[in-house]
Amino acid sequence: MLKHVLGNVLSKRVYTYEGGKVYPWIYVSSSCFHSGQAHMAPRSFFGVEDFLDDDNSRPYTYQKEKKSKNPTKHVSFKQRTVAYMQPFTLDVFISKRFVSASLTHRVTSKQVAVAGTNSKDIKAALRSRSDIPACLAIGRILADRAREADVYTASYTPRERDKFEGKIRAVVQSLIDNGIDVKVYLD
């Protein structure tokens with residue numbers, strides 16, 4: 001930055017006349033009005049004014065708000081209220097080694113009921129931890145735990161990479177058979 005300032009001063013031939021001698025502008029003596037300092041804008045202590053975001057309200061160190069691609073887009077009543085009308089969501093995770101499922105409250109993000117084949121009590125009762133009978137057992141146990149927590153309805157939307165068939169369908173069907181009303185949203 002100093003190189004830039006000096007380049008501008010010397011290229012524009014800015015000089016000052018003082019005491020019968022001509023000095024370049026940057027070398028003004030201390031007896032001058034500005035006490036020998038170059039005329040530059042004041043900088044903040046951390047020097048973050050160069051890194052402000054678009055609306056120049058906050059430094060770059062703060063998380064920026066996400067801006068909508070279409071700010072005039074209307075949000076429907078259903079989109080605003082679905083988290084309160086259907087507050088519980090079902091999350092099913094199936095790997096090669098185990099199966100786990102949980103019911104989560106959308107608004108508070110707290111897990112109400114959890115069941116998985118990795119837990120000690122379920123692990124001992126199963127022959128395999130990742131086959132269809134294990135998925136049916138997880139659905140049955142999750143339904144029991146959900147009823148203890150007074151949860152009788154849930155919604156399920158499969159992840160993008162998951163297909164609603166096989167083991168995932170077995171968990172959801174087991175929940176439905178054991179008294180939990182699960183609404184499945186397929187896109």
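Bear in mind these aren't lab numbers, they're just calculated from the coordinates by the rules spelled out. Everything numeric here is computed off the predicted structure, so don't read it as measured data. Cβ sites come from the backbone with ideal geometry, for glycine too, and all protein chains shown count toward neighbours.
At full extension, ALA124 and TYR152 could sit 7.3 nm farther apart than now, given 0.36 nm per residue minus the alpha carbon distance. With θ taken as phi - 60° and the Karplus curve 6.51 cos²θ - 1.76 cosθ + 1.60 applied, the whole-hertz 3J(HN,Hα) list for the stretch 118-135 is 7, 6, 5, 5, 7, 4, 6, 8, 9, 6, 10, 9, 9, 9, 4, x, 5, 5 Hz, x standing for glycine and proline. Residue separation of HIS74 and LYS96 scaled by 0.36 nm, minus their Cα-Cα distance, works out to 3.7 nm of gained length.
Applying 1/(1 + (r/R0)^6) with R0 = 22 Å to the Cβ-Cβ distance of LYS110 and MET85 gives a FRET efficiency near 0.75. Stretched out straight at 0.36 nm per residue, the stretch from ASP144 to PHE164 would grow longer than its current Cα-Cα span by 4.9 nm.
Each peptide among 131-138, 84-91 gets the average number of other Cβ atoms lying within 10 Å of its residues, and from highest to lowest they stand as 131-138, 84-91. Residues whose amide H falls under 5 Å from that of SER155, counting only those 5 or more places apart or on a different chain, are PHE88, THR89, LEU90, LYS183, with hydrogens built in the peptide plane. Each other residue within a Cβ distance under 15 Å of ILE122 adds +1 if Lys or Arg and -1 if Asp or Glu, for a net charge of +4.
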